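Undergrad: Take a look at this one; I'll ask things after.
The values are calculated or read from the model by the stated rules, or taken from the named source; none is laboratory data. Nothing here was measured: the structure is a model prediction, and the numbers come from that model. Note: ideal-geometry Cβ built from the backbone for every residue, glycine included; neighbour counts use all protein chains shown. All accessible areas refer to the heavy atoms of the entire protein, side chains included, with ligands and DNA or RNA removed. Shrake-Rupley method; radii C 1.70, N 1.55, O 1.52, S 1.80 Å.
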Amino acid sequence: MYNNKTSNKEENVQIDNTILEKLEKLSHLKIDDGKKEEIIHQLSDIVAYVENLSELDTSGLDASFSTLTGGTPMREDVSSKQEEVIKSILAHAPQSEDDFFVVPAIIE
Amino acid sequence: MRFETVIGLEVHVQLNTKSKIFCSCPTSFAEHQNTNTCPVCLALPGALPVLNLEAVKKAMLFGNAVNATVNQKSIFNRKSYFYPDSPMAYQISQFDIPIVEHGELFVDLEDGSSKRIGITRAHLEADAGKNIHDGSISKVDLNRAGTPLLEIVSEPEMRSSEEAVAYLRKLHSIVRYLDISDANMQEGSFRCDVNVSIRPEGQEEFGTRVEIKNINSFRFVAAAIAYEVARQTEAYEDGIYESEVYQETRLWDVAKNATKSMRGKEDSADYRYFPDPDLRPVLVSEEMMEEAKHIPELPDAKVARYIQELGIKKDDALVITALKEMAYYFEEMLKSNINPKSAVTWLTSELLGRLNKAGLDITASPVDAATIATLISKIESDAVSGKGAKDVLDYMMENDERNIDTIIDKLGLAQVSDDGAILAIIEAVLNDNQDKVNEYKSGKDKLFGFFVGETMKRSKGSANPAKVNALLKEKLS
C-alpha cells in the first residue's frame, strides 16, 4: 500500500507530456494544448529549483518532519458532544436531508 | 505447470476508545446520523486535530503482543483522496514511520504444525464515514469518520487460504485478549483486505498482486482467495496473464461469489503522502514504553501453560483459548480446585454441546463456571454419578435452581457411597441368592454381573457402581 514512496536519492524528474497528463488528472485541471509547452517548461524549472536541496549532504542525519521541537500533544480519552454545533453545521451545509449531508450521486 | 499462491493481509482494527482519534466525539456505534461529529472530524477550517493518548497506548500494547518494535517516535501523514466519506479530502495515517513495525505471530495449522508470519507494520489512522447511495444523490453519515484504526500489515508469507484464515483468527484472538478492539466483523470493527498473487513454483520473484477489499467474514476470505487464485491461474495458462492480471483493487461480491474490478486500470491511486503539518511527531515517553509492556496472558502462552501445568491435550487447549471468554470461563472453573481434565471435558463437550444446541455462546451460558465446577466436585466426591451429573446439567439449562445438592435431591440422583449402606444391600442380595453364590464360588465367574445388577437394582440406581464392584469382590472372595 505504500509502494509509491519517493526516495531521497531520486533521479532528476523530467517533466514530459505523460507526467503532465497525470498531473492534470490528479489536480482535476485541464491545460490547453497551446499552453502545454510553457507549463512543462515552468514545472521543470520548479523541480530543478527544488533539486538545489540535493546539494546538501544529509547522510548521517535523521529524517526531520517538523521545524518545531517536541512531540504532538495528546489528550485523555474522554468523549463529549456539542449538539448545537452539529445542528448549526448541518443547517449551513449546501444540502442536507434527515441529518445526512447530501452530495451528488457517487457512481460506484 | 504448478503455481504457488502468495498472500499478504491488511487488517483494519477499530480501537475501542471512548472518543475519536483526533477529537472528543464519541465512537459509539449505530447512533443517529452525524450526531457524533464536530468541527474537527468534519474538517471545518481552522479546527485542529489533537491525538487521543489511549489510541496510542492500545497500538503500543499490540506492538508488544506481537514481538514488534514500538517506535518511540512516529509520524502522521496525509493520504490524499477525494471521496465524500472524508470531508478532509485526505486521511490522517502513518507512512514513513509507523508506531509499530517488524512483528510476528504464529499460526496453528490443521496438521498440528505452527508457522511464523511476519507483521511488517501496524500504524494508527482515522476511519472514514459512510455513504448511502440513493438514486441521484448520496447521503453522507460522518459518525464513523475519525474513529481510531490500527492497520496491521502482514508480510506476504501465507501460501494458502488455510494459512490466511489461521492468521486472521490468531490476530482476532490477540486483539480481543488485549481488549483493544471489539473486533466485531459484522459491525466492521475488524476488516480485512487480502493481497493475492500467484507464481510458477520455484520462481523467485512475486507475481502481480491484486488487492481484494470488503471481506467481512473468515469464510469469505477463503472463498475470495480461491476465486482469485483460479482467475489468475487461468489467465496464466491461457497466456493472457499480462493483460488480465494487473495491480488493482477488486471487491468481493457476496451475491455473485466472485471478485470484481473496483476501478479502471489507468486510475491507480496516487495518495501523495506528506507529513501532516497539523500534527507534530508522536513522541512516546519512557514511562509509556514501560507501561505498554504489561500485556495480559495471550492465547499462545495459555496453550503452553495448559499443556505443561495442567496436562491438557494441545487440541483441547486450542479450542479453549480460541475465545478469550472461553479461556476465562475455564480458568474460573479451575478456581474450585477440580481436576483440569474433568473441567476440559465438561466445558468442551458437555456444556458447549448443550450451548450449541441452544444456539448460545459461552458468554450467554445459563450456567456459570463456579456452578459447573461445583457439579464436577460432586462427581469427584462421589455424591453423584457422571451420568447423574449430566441430568443435573440438563436440568439447569432449563431451570433457575443453582443449588446442586437441592437439584440432586429433587431429581433423586443422590449416590450412595457409604460402605455400610451398600454392604447392607449386598448382604441381602447374597442371602437371597445363596444358590447363585455357590455356583459363582464353584467357578461360574459370569454371575458377578448378576450380583452387581441386582445390587444396583435394589439401590434404585443410587449406589456408586465402583464401590459396589469393589465391595462385592471382597465379599465373594
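Undergrad: Could you tell me whether region B:158-176 includes any residue that is crowded, with 21+ Cβ neighbours inside 10 Å and within 14 Å of chain A (Cβ to nearest Cβ)?
TA: Within region B:158-176, none of the residues are crowded, with 21+ Cβ neighbours inside 10 Å and within 14 Å of chain A (Cβ to nearest Cβ).
Undergrad: What are the residues in region B:29-74 that are among the hydrophobic types (A, V, I, L, M, F, W, C), in a loop (DSSP other than H, G, I, E, B), closer than 15 Å to residue B:149 by Cβ and open to solvent by less than 20 Å² (accessible area, probe 1.4 Å), if any?
TA: Selection gives B:41 alone.
Undergrad: Within region B:26-49, which residues are facing another protein chain (nearest Cβ under 7 Å) and in contact with a Cys (Cβ under 7 Å, 6 or more places away or on another chain)?
TA: B:37, B:38
Undergrad: Show the residue pairs that are 6+ apart or on different chains and have beta-carbon atoms under 8 Å apart, the first residue being within region B:193-218 and aromatic (Phe, Trp, Tyr), the second being surrounded by fewer than 16 Cβ atoms within 10 Å (Cβ to Cβ).
TA: B:218/B:169
Undergrad: Residue B:475: within 27 Å of residue B:380 (Cβ to Cβ), assigned to a loop (DSSP other than H, G, I, E, B) and free of Cβ contacts under 8 Å to residues at least 60 places away in the same chain, yes or no?
TA: Judged against the criteria, residue B:475 is not a match.
Undergrad: Let me ask something else about it. So residue B:293 fits all but one of (1) modelled with pLDDT of 95 or more; (2) within 14 Å of chain A (Cβ to nearest Cβ); what number is the exception?
TA: The failed condition is (2).
Undergrad: I need the full set of residues from region B:50-70 which are without any contact (Cβ under 8 Å) to a residue 40 or more places away in the chain and more than 7 Å from every other protein chain (Cβ to nearest Cβ), in order please.
TA: B:67, B:69
Undergrad: Also: Considering only residues that are open to solvent by 30 Å² or more (accessible area, probe 1.4 Å) and outside any strand (DSSP E or B), look in region A:88-105 and name the one that is farthest from residue B:36 (Cα to Cα).
TA: It comes out as A:105.
Undergrad: Which of the helices (runs of 4 or more DSSP H) contained wholly in region B:231-350 include at least 3 residues that are in contact (Cβ under 8 Å) with a residue 40 or more places away in the chain and open to solvent by less than 80 Å² (accessible area, probe 1.4 Å)?
TA: Here the list reads B:314-322, B:324-334.
Undergrad: If you don't mind, there's one more thing I want to ask. Sort through B:386, B:359, B:420 and tell me the only one that's open to solvent by 20 Å² or more (accessible area, probe 1.4 Å), over 32 Å from the mean Cα position of the chain (by Cα) and of a type outside the set (D, E, K, R).
TA: When all the criteria are applied, what remains is B:420.
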